[in-house]
Amino acid sequence: MSEKLYAWLLRLYPSRFREDYGEEALRLFRDRARDERGFFPRLRLWLDLFFDFTISLPSEYFHVPAPRVAPLVPRRLHGFPALFVLEDASPRPGALAIGGLLSLVALSSCWASLSSVRGRETPSASQFAGVPDGYKSSHSESRPAAPSVAASDGNRAPTQPGWLDPAQRKRIVDNAITNLKEHYFDRDAAQKMADALAAHEKRGDYDTVADPAAFAALMTQQMREVTPDRHLTFDYFQEPLPPQPSAQTAAVSPQYREAMKQQNCTFEKVELLPRNIGYFKLNSFPDPEVCRVAAMAAMTYFNHADAVIFDLRDNRGGSPEMVQLIGAYLFDHPEYWYNPRENTTEQSWTRSPVPGSELADKPVFVLTSARTTSAAEQFSYDLKMLRRATLVGETTAGAAHSGVFHRLDDHFGMGIPEVKAINPYSANDWAEVGVEPDVIVKSADALDAVVKLARSKLQKK
Amino acid sequence: MPKRTLDPLPSAAFQILLALVGEDLHGYAIMRQVAEQTGNRIRLGPGTLYSSIRSLLENGLIEELDSQEDAGSDDERRRYYRLSSAGRKLARAEAQRLAEVLRVARAKKILRGRYV
């Protein structure tokens, strides 16, 4: 009875404390209750608990997890002044005002410099096959599709360089319709989208949209109103596109290669956590042509780990080949690896076992968030369907089909999914709905939760 | 910037560090050891004990060991803690600081009679 009461009282603590120490606290209570029998000892126990609550409960709610930094010892050396100002004293109002002003200036200058180099950002791993590397697109995901925002009188001549006139818009819409009907894997849906775009054009819905980026956003939105497919995109590129879609013929671009070199293939963390748990934070699945060795080195590093955590919370996708390359380490026999970009072929099986890999029977965890997109969702989805990993975090973004890039003119292109692969696991993949984790926790708390889970799983082994 | 919860070192945290000098202990054993070394004056409740343990862990002053079987507790696995070298240094520094306080108190003759 008293244990139940204490267990109930424990619920007053913040969830973080309960997750970390709830069980231990209950055990301590049990131990004391076992050892301290009789009226007075029991009364003392409850008094102790009462004082414990009054002291520890508020402090738990104000507890800010400390970063794991170098230990704070020993600073009390004779003859050294104690400089605790930054930590213990509240900032003066004047200091806050100056700090705010300086932040504002810094932010404005960042904004100004970002605006001036728009269109020349570091190339990143393409989210759909065949997008020209190094070209920054702008569509509905980066900009709201609100024609009124960018409205100008489209019937007049363009008011700014690069803005669209009616003839240009008509040509682009026609071009988009042709490409959709020719390439989109679902012919019926393609026809419906084409009809919708033609109807919008005829009704004059584009007449007020001269800003090319807003136009692209509106087109994307209107296609998706008919077919909610997040890999179906209509993109505007400020920099003129190369005459031919380079990535469909050539391999990776020098810019991409250089960016991967600078960013360590987007492998943010490759480390062993306490209790021999491997932790791999990768923010994309980079092209194996550039990053094969780095990926193999990372997986080899984890070879003797007792469990591996893949942190995909900031992973925006990338190459399905890399997804498969990493996945192969986790099996001792070839497994079918579902890829929405391709029909089933011989390539659809993992190259397992990887010689020398000892990871095939180790517990695997995948951290997900609402930002986990595309190829990262493929990795999560396949491991979940194969019951090879425990997913912890939030439901993923829900971007499944992978569009092939089609160039419409110097500044516009489309990502059009051309195949719908057969999914052996279920009728629906993660398109639009995302991959649901096995353990749902907020993305920010997912790492703590998964470490605890991994430890308890290892203990049970 | 979060205030460091162990600066100055709270009494409970110091007692836990002292309890762990010489042996690795689990939570309940730490609580009993602290009660013993303070003449039953400090009986750490679970909330205070584990929030102190967490702060000590976060600051690298103690370490959590890989799980150990506790022979007396029907297959329950307990979490054991060990003093780190940083924790030992801090405990020593804190003891020296208290000794210094004691020296001043003695010099001021506020202890009256009993020699402490």
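Computed values, structure above
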| read-out | value |
| --- | --- |
| Every pair of residues 6+ apart whose Cβ atoms lie under 9 Å, when the first sits in the stretch A:40-63 and is more than 7 Å from chain B (Cβ to nearest Cβ) while the second is among the aliphatic types (A, V, I, L, M) and open to solvent by less than 90 Å² (accessible area, probe 1.4 Å) | A:Arg42/A:Ala33; A:Leu45/A:Ala33 |
| Among residues of the stretch A:340-359, those that are farther than 20 Å from A:Ser374 by Cα and either in contact with a Pro (Cβ under 6 Å, 6 or more places away or on another chain) or touching a residue at least 60 places away in the same chain (Cβ under 8 Å) (or both), counted | 2 |
| Qualifying positions in the stretch B:23-55 - free of Cβ contacts under 8 Å to residues at least 24 places away in the same chain, crowded, with 16+ Cβ neighbours inside 10 Å and more than 8 Å from every other protein chain (Cβ to nearest Cβ) | B:Ala29, B:Arg32, B:Gln33, B:Val34, B:Ala35 |
| Where B:Ile62 falls short, out of the listed (1) in contact with a strand residue (DSSP E or B) (Cβ under 9 Å, 6 or more places away or on another chain); (2) at the interface with chain A (Cβ under 10 Å from one of its Cβ atoms); (3) open to solvent by less than 80 Å² (accessible area, probe 1.4 Å); (4) at pLDDT 90 or above | (2) |
| Matching entry among A:Glu60, A:Glu36 (being crowded, with 17+ Cβ neighbours inside 10 Å, within 17 Å of B:Leu44 (Cβ to Cβ) and either touching a strand residue (DSSP E or B) at 6+ places or on another chain (Cβ under 7 Å) or not polar (S, T, N, Q) (or both)) | A:Glu60 |
| Qualifying residue in the stretch A:320-329 (condition: touching a residue at least 60 places away in the same chain (Cβ under 8 Å) and in contact with a Ser or Thr (Cβ under 9 Å, 6 or more places away or on another chain)) | yes |
| Residue match in the stretch A:371-379 (condition: part of a loop (DSSP other than H, G, I, E, B) and open to solvent by 20 Å² or more (accessible area, probe 1.4 Å)) | yes |
| Which listed residue, of A:Ala444, A:Ala397, is open to solvent by 10 Å² or more (accessible area, probe 1.4 Å) and outside any helix (DSSP H, G or I) | A:Ala397 |
| Matching residues in the stretch A:400-440 - criterion: being within 23 Å of the chain's Cα centre (by Cα), at pLDDT 85 or above and open to solvent by 30 Å² or more (accessible area, probe 1.4 Å) | A:Glu436, A:Asp438, A:Val439, A:Ile440 |
| Meets criteria (within 30 Å of A:Lys460 (Cα to Cα) and either open to solvent by 70 Å² or more (accessible area, probe 1.4 Å) or at pLDDT 80 or above (or both)) for A:Arg275 | yes |
| Selection count where residues are assigned to a loop (DSSP other than H, G, I, E, B) and within 10 Å of chain B (Cβ to nearest Cβ), scope the stretch A:3-35 | 2 |
| Test: residue in the stretch A:414-421 that is away from chain B (no Cβ under 14 Å) and either touching a Cys at 6+ places or on another chain (Cβ under 8 Å) or under 25 Å from A:Tyr329 (Cα atoms) (or both) | yes |
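The values are calculated or read from the model by the stated rules, or taken from the named source; none is laboratory data. Predicted model only: the values in this text are computed from it and were never measured. Neighbour counts are summed over all protein chains in view; Cβ atoms, including those assigned to glycine, are modelled from backbone coordinates with ideal geometry. Ligands, DNA and RNA are excluded from the accessible area calculation, which covers all protein heavy atoms including side chains. Shrake-Rupley method; radii C 1.70, N 1.55, O 1.52, S 1.80 Å.
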